[in-house]
Structure formats: C-alpha cells, structure tokens
Amino acid sequence: MSEQQSGGIILPTIPRKPTAVNARDMIISGKPKCGKTTVCAELPNSLLLDVENGSAFIESMVMTPPEGSGPVKKFKWLKEVAKSIVDAGRPYDYVIVDTLSQLDEDATFVGTFNYMNTILGKEFNRKRDDKGNLVFENGKTIMLTPSDPNYQNVITLPNGAGYYHSRSALLDIFETLRYLGRVCTIFICHITDKMIGEKNGEQVMVKDLALTGKLQSIVPRLVDSIATVWNEDGKMMISFDGNSDKIGGIRAKHTIGYVGELQWNKIFI
C-alpha cells in the first residue's frame, strides 16, 4: 500500500519521485544593457513581454502594452495576455517578462490606484477646494491623476503603510505571469550596487535586485531559480552560485553552483 486513509485525507507512505527537472520560473538579473533581453530572446519558441520598451533591436516574438498605457492599464493588459496564453493551452515553451524592475516601479502607481478605491483610501488623492474641502461631482469625489501636482504616491502614507499596497500590486501581477511558459517563465530584473559598510577603510558593496524593500527577499524565495548574468570579453556569463558579489541560487540540481558561459542547453535539459 502506498497510501493510508485518515478521515478524508490520504497520507503518503512512500517517497514521491521528483516532478520537475528544469526550473519552472526563473529570475535572470544583471546590470542594465548588459545583454539580458537579447540572450533570453534566443530561447526557442519564446514569447517576450516587453513592458520596458527595450526590444526594438531584437528579433523575437514580442508583445508590448498598447501605446500610451499607464501602469494601471498596463497591468490590466498583462492579465488579459496571461489569460489568452492559458486559454490557448500555453503554446510557448518560454515566456520572458522584461523587466520585473519596471513592473515594480509601475506597482507603486497601481497600488496607489487600488488604495484609492478602498474605504480607507476614499479621500486619498481627491480634488479639494481652496479651503481643503473635498469637491464632489454627481455625488462622488473626484480622483486626482498622477499628472496632477497634488497627486501623492501611496508610499507617502505614514509609518511605511503604503508599501503594503505597492508590494501587493507587484506580487499580484507576478503570480499572474508565473508558469505561463510550458518549460519556464523568465523574469528579467536589473541589479543595483548597494554599500553595506566599510572594512579597512574600503567600502563593502553587495549586489541587490532592483526591487523595492521587502520584495528583494520575497520574490527570490518564490521562484525556482535566480541567476546573475554579465558580459565578459564578449561572452555572456551566468552564475547560479549565490554569494556577496552575485545574487543566485537554484532548485534544479543540474545547475546548482554553475558558473560559466551561458548555454541554454545546459540550463534547460
């Protein structure tokens, strides 16, 4: 017997074999314009979701948000795209989201919009008269747009309370986009240098994902794999070896600790 019945729950009695070999979702991080998008677009049967408008010089299957889309419309468009991909039976082996850093920036506006539509935020970013009183139109308050000089981002809320709303907006769209690729969904992300202190009179620097606050630790825990890429003498290099210089780590056993030239046939087997 491989299973035991306990009430309405079936308990396992033997180990289960692995159900995945390759990473199902991955973060590829690197400095801006180091070639991240170009090398990811080389993956066969891949779809590039370009939310940063950086794919004009790349030959690939590309989708971009409708021209003039602000963050809220962009996130709505991405959800429609994700639904279309799922409804079509996930026809792409790889879906590449370029970039997660841009979506994080957009999430502050989406989070602000979402907060403005809650009970707590019903007076936030509303039009007021010269005396500071709310202005009503047809019995409703008038929402300010981001272009209004009095518009405030949700992260300006006291005690850092607003970061919850921007973080929730990013994690919501992140979950929507995960697992869209039949093999893997790749989130491209920028990295930034961060000084953490001084040692022997020299600055000690680490590389962080270009994400806001707690997202720097939350998002990497969610994905199967995270790697850093960089250009070295004209070759694209990749590291899955997490250390103080290169952000990394992976669950797929065949690439644990791998550092070397980026060859997709060694990463996806």
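Some points to look at:
- For the stretch 205-214, a tally of residues being within 12 Å of the chain's Cα centre (by Cα) and closer than 26 Å to residue 268 by Cβ returns 3.
- Given (1) at pLDDT 95 or above; (2) farther than 27 Å from residue 84 by Cβ, number of the condition residue 176 does not satisfy: (2)
- Residue 67 being more than 17 Å from residue 186 (Cβ to Cβ), among the acidic types (Asp, Glu) and assigned to a loop (DSSP other than H, G, I, E, B): yes
- Selection from the stretch 128-140 of residues that are out of contact with any strand residue (DSSP E or B) (no Cβ under 7 Å at 6 or more places or on another chain) and either in contact (Cβ under 8 Å) with a residue 40 or more places away in the chain or not in a strand (DSSP E or B) (or both): 129, 130, 131, 132, 133, 138, 139
- Taken over the stretch 81-123, residues that are loosely packed, with under 12 Cβ neighbours inside 10 Å and acidic (Asp, Glu) amount to 2.
- Among the numbered conditions (1) over 15 Å from the mean Cα position of the chain (by Cα); (2) of a type outside the set (A, V, I, L, M, F, W, C); (3) closer than 30 Å to residue 264 by Cβ; (4) not in a loop (DSSP other than H, G, I, E, B), the only one that residue 29 does not meet is (1).
- Candidates are the residues of the stretch 52-64 that are outside any loop (DSSP other than H, G, I, E, B) and not β-branched (Val, Ile, Thr); the one that is surrounded by the fewest Cβ atoms within 10 Å (Cβ to Cβ) is 61.
- The stretch 64-80 residues that are within 16 Å of residue 174 (Cβ to Cβ), paired with ones that are in a loop (DSSP other than H, G, I, E, B) and of a type in the set (Gly, Ala, Ser) (beta carbon under 6 Å, 6 or more apart): none
- Output for the stretch 141-165, where each listed residue is assigned to a helix (DSSP H, G or I), closer than 14 Å to residue 115 by Cβ and not aromatic (Phe, Trp, Tyr): 154, 155, 156, 158, 160, 165
- Verdict on residue 158 being at pLDDT below 95, surrounded by 11 or more Cβ atoms within 10 Å (Cβ to Cβ) and over 26 Å from residue 31 (Cα atoms): no
- Put simply, of 234, 197, 242 the only residue that is more than 14 Å from the chain's Cα centre (by Cα) and at pLDDT 85 or above is 234.
- Residue 88, sole failed condition from (1) without any contact (Cβ under 8 Å) to a residue 12 or more places away in the chain; (2) farther than 17 Å from residue 177 by Cβ; (3) out of contact with any Phe, Trp or Tyr (no Cβ under 8 Å at 6 or more places or on another chain): (2)
- Meets criteria (touching a strand residue (DSSP E or B) at 6+ places or on another chain (Cβ under 8 Å), outside any strand (DSSP E or B) and within 16 Å of residue 264 (Cβ to Cβ)) for residue 43: yes
- Selection from the stretch 25-46 of residues that are modelled with pLDDT under 95, polar (S, T, N, Q) and under 28 Å from residue 76 (Cβ atoms): 29, 37
- So residue 49, is it surrounded by 14 or more Cβ atoms within 10 Å (Cβ to Cβ), closer than 30 Å to residue 153 by Cα, touching a helix residue (DSSP H, G or I) at 6+ places or on another chain (Cβ under 8 Å) and modelled with pLDDT of 95 or more: yes
The values are calculated or read from the model by the stated rules, or taken from the named source; none is laboratory data. The model shown is predicted, which means the values in this text are computed figures rather than measured ones. So basically every Cβ, Gly included, is an ideal-geometry build from the backbone, and we count neighbours across all protein chains shown.
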